[in-house]
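Q: Pasting in a structure now, in C-alpha cells, and then I'll have a few things to ask.
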Amino acid sequence: MRRTSFYLLFIIPILLYSGCSGKGKPMKANQKSPVDENLLMVSGDQIVNQKGDTVVLRGFGLGGMLHMENFIDGYPANEETMREGLLQVLGQEKYDLYFDTFLKSYSTEPDAKYIRSLGLNLIRIPINYHHFEDDMTSAGHPGRGL
C-alpha cells in the first residue's frame with residue numbers, strides 16, 4: 001500500500017471527528033452503532049434516515065488534497081503534469097518531502113472541529129486512485145508512476 005494511503009486512513013476519522021459517536025465519546029458495548037442509525041436512503045424524492053425522517057444534507061467539498069484539483073489549488077494543467085514539473089524542479093527527496101507535508105497539513109483536527117462547529121453533515125472527499133494504484137506498476141511496466 002502506498003504511503004499516502006496511510007494519510008487517507010488517518011484523515012477520514014479526523015474529518016468525521018465526533019460526528020458518528022455523538023460527541024466524540026467512546027461507544028458502550030451494548031450501544032447500537034451510530035453508523036447503522038445514520039445510514040441514509042432515498043424515499044421518493046427525499047433523503048431519509050432509518051426512522052424515515054427527511055434529512056437535508058449541508059456540506060462542502062474537501063477537494064485538492066487527495067485528488068488535486070487545479071481549480072482549487074490554483075496550479076495550471078492537471079495533477080499529473082504538475083507533479084511531473086515539481087519532481088523535475090525539486091528532485092525526488094524534496095518532492096517526497098513536499099507531498100508528505102502537503103498531505104499532513106492540508107486538513108487537520110482543528111479544521112474538522114471547525115467543520116463540525118458549522119453544523120455541516122456532509123463532506124465530499126475526492127480521492128485520486130493513484131493513492132492506491134500505480135499506473136506503471138499495475139500495467140506490468142517498471143516505473144514510478146504518480
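The values are calculated or read from the model by the stated rules, or taken from the named source; none is laboratory data. Given the structure is predicted, the values throughout are model-derived calculations rather than measurements. Note that each Cβ is placed from the backbone with ideal geometry, even for glycine, and that neighbours are counted across all protein chains shown. Keep in mind that these areas ignore ligands, DNA and RNA; they rest on the heavy atoms of the full protein, side chains included. Shrake-Rupley method; radii C 1.70, N 1.55, O 1.52, S 1.80 Å.
Q: So Tyr75 ticks every box in (1) surrounded by 14 or more Cβ atoms within 10 Å (Cβ to Cβ); (2) in contact (Cβ under 8 Å) with a residue 24 or more places away in the chain; (3) of a type in the set (Phe, Trp, Tyr) but one. Which box is left unticked?
A: Unmet condition: (2).
Q: Does at least one position in region 57-70 carry a residue that is modelled with pLDDT under 70, under 19 Å from the mean Cα position of the chain (by Cα) and in a loop (DSSP other than H, G, I, E, B)? Write out each step before concluding.
A: Taking region 57-70 as the starting set, the residues that turn out to be modelled with pLDDT under 70 are none.
No, region 57-70 contains no residue that is modelled with pLDDT under 70, under 19 Å from the mean Cα position of the chain (by Cα) and in a loop (DSSP other than H, G, I, E, B).
Q: For region 88-112, what are the residues that are more than 18 Å from Asn128 (Cβ to Cβ) and aliphatic (A, V, I, L, M)?
A: Answer for region 88-112, where residues must be more than 18 Å from Asn128 (Cβ to Cβ) and aliphatic (A, V, I, L, M): Val89, Leu90, Leu97, Ala112.
Q: Follow-up question, since we're still on this one. Is one or more of the residues making up region 87-109 in a helix (DSSP H, G or I), modelled with pLDDT of 85 or more, out of contact with any helix residue (DSSP H, G or I) (no Cβ under 8 Å at 6 or more places or on another chain) and surrounded by 13 or more Cβ atoms within 10 Å (Cβ to Cβ)?
A: Yes.
Q: Still on this structure, please answer the following. Go over the candidates Met1, Met27 one by one and state the one that is touching a Phe, Trp or Tyr at 6+ places or on another chain (Cβ under 8 Å), at pLDDT below 80 and either open to solvent by 70 Å² or more (accessible area, probe 1.4 Å) or among the hydrophobic types (A, V, I, L, M, F, W, C) (or both). Walk me through it before giving the result.
A: Working: Met27 fails: touching a Phe, Trp or Tyr at 6+ places or on another chain (Cβ under 8 Å).
Of Met1, Met27, the one residue that is touching a Phe, Trp or Tyr at 6+ places or on another chain (Cβ under 8 Å), at pLDDT below 80 and either open to solvent by 70 Å² or more (accessible area, probe 1.4 Å) or among the hydrophobic types (A, V, I, L, M, F, W, C) (or both) is Met1.
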